[in-house]
Amino acid sequence: MTTFRWKNCFADVLTSKHGLTIHSYLDDVMVPALETLDAKIAELGASDSPGHQFAQADMEAVKSEAILAFGLSIQSIWERQIRSYLRGCANELRPGEPIADKIDKANWKDLQKWFRRLRGINLDEFPSFPLIDILQHLGNACRHGDGDSAIELHRRRPDLWPVTPPGFGEPQARPAPPPAGSMVIPVAALREFVTAIAAFWRDAEYIYNESIERKHENLEAHLVKQRAERSWFPQARSEAG
């Protein structure tokens, strides 16, 4: 099998910090904020002052809303990254065609089609795709609440509803999944999604490096090491495929 290569774009170069950006957002913004809320919840829980138990419940509700907001923000950062990347590729590979506007308006399925058209490989061939696809449903559920995405998210990740609200989970009473607002997204799950996004951009960088026709000896040495460590090697399709 032949290693897959695409036509490199300057848009590829601009993605070099995307993985660092999303990891920094998690570690430097989200985690400290949630730790601060946890500390306030614990402080209120340890207090004997009247009314603090109610304040604790309010703070726990704030934390739940914050986690939902963080889930949405992770998905939003990813979506901005991939849309910007595809716009850049379109401007370089199909200059003069009104593709950028179509990418701006494209839904998730259409973005996958544009990725295939512009880069010659399916998004779902990337090992990170299953988690990124779930992240899209998570973002929609956090943004819009109950609906098709929340139902699909519950089907794929029921662990995000560790506590089933009263009246749910009883087929004879109500067959619908629990409300999207009752999701409990642990930091470990948020980190899964962040790791998947960063992994996607690393894989894209690997394809970029393999696609350089005349490689510097240092890059070739780096690729030799990468090839020995990687578990996924995108393969070029035959014309018939």
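The values are calculated or read from the model by the stated rules, or taken from the named source; none is laboratory data. Note that the structure is a prediction, hence the values are computed from the model and not measured. Cβ coordinates were reconstructed from backbone atoms using ideal geometry, including for glycine residues, and neighbour counts include every protein chain displayed. Calculation scope for accessible area: heavy atoms of the full protein, side chains included, ligands and nucleic acids excluded. Shrake-Rupley method; radii C 1.70, N 1.55, O 1.52, S 1.80 Å.
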Next item on the list: Round to the nearest 10 and give me the degree value, 0 to 90, for the angle of helix 217-229's Cα axis relative to the longest principal axis of the chain.
Entry: 50 degrees
Next item on the list: Using a/c under 1.5 as the rounded threshold, could you call the chain rounded, prolate or oblate? The axes a ≥ b ≥ c are square roots of the C-alpha gyration tensor eigenvalues, and prolate needs a/b larger than b/c, oblate otherwise.
Entry: prolate
Notebook entry, point to check: With the Cα gyration tensor of the range 19-80 giving a ≥ b ≥ c as the square roots of its eigenvalues, does the rule (a/c under 1.5 for rounded; else a/b larger than b/c for prolate; else oblate) give rounded, prolate or oblate?
Noted result: oblate
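Assign one of three labels to the range 102-159, namely rounded, prolate or oblate, based on the Cα gyration tensor with a ≥ b ≥ c the square roots of its eigenvalues; rounded applies when a/c is under 1.5, prolate when it is not and a/b is larger than b/c, and oblate otherwise. Display every interim value, and only then the final one.
Values: a/c = 3.44, a/b = 1.58, b/c = 2.17.
Oblate.
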Checklist line | Residue-by-residue Karplus 3J(HN,Hα) for the range 19-33, coefficients 6.51, -1.76, 1.60, Hz, glycine and proline x | finding: x, 4, 4, 5, 5, 5, 4, 5, 6, 9, 10, 5, 4, x, 5
Check: What size of dipole, in debye to the nearest 20, comes out for the chain about its Cα centre when the only charges are +1 on Lys and Arg C-beta atoms and -1 on Asp and Glu C-beta atoms?
Finding: 1040 debye
Margin query: Just to be sure I understand the model, the point goes 7 Å from the Cα along the line to the Cβ. What's the resulting residue 31 to residue 146 distance in nm?
Written below: 3.6 nm
Note to self: Could you sort the peptides 52-61, 11-20, 84-93 by per-residue average Cβ neighbour count (10 Å cutoff), highest mean leading?
What the structure shows: 84-93, 11-20, 52-61
Next item on the list: For residue 63, list the aspartates and glutamates whose Cα falls under 14 Å from its own Cα; do not include residues on the same chain fewer than 8 positions away.
Entry: 35, 38
Notebook entry, point to check: Once both axes come from the Cα atoms, what is the angle between helix 52-93 and the longest principal axis of the chain, in degrees from 0 to 90, rounded to 10?
Noted result: 10 degrees
Check: ³J(HN,Hα) across the range 150-156 via Karplus (A = 6.51, B = -1.76, C = 1.60, θ = phi - 60°), whole Hz, x for Gly/Pro?
Finding: 5, 5, 5, 4, 5, 5, 8
Check: Cα to Cα, under 24 Å, and not fewer than 8 places away if on the same chain: which lysines meet these conditions relative to residue 109?
Finding: 7
Checklist line | Length-normalised contact order for the chain - Cα pairs under 8 Å, 6+ apart - percent | finding: 31 percent
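Given a 1.4 angstrom probe, I'd like the percentage of the accessible area of the range 20-155 that is carbon and sulfur, rounded to a whole number. Present the calculation step by step, with values, prior to reporting the outcome.
On the way: 3680 of 7110 Å².
In the range 20-155, the share of accessible area belonging to carbon and sulfur is 52 percent.
I'd like the Kirkwood hydrodynamic radius of the range 1-140, using the inverse of the mean 1/r over distinct C-alpha pairs, in Å.
Numbers: mean 1/r = 0.0559 Å⁻¹.
Result for the range 1-140 stands at 17.9 Å.
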Next item on the list: Would you pull out the residues with amide H under 5 Å of residue 3's amide H, same chain only if 5 or more places away, H placed 1.01 Å from N?
Entry: 236
Note to self: Between 0 and 90 degrees, rounded to the nearest ten: what's the tilt of helix 108-119 against the longest Cα principal axis of the chain?
What the structure shows: 20 degrees
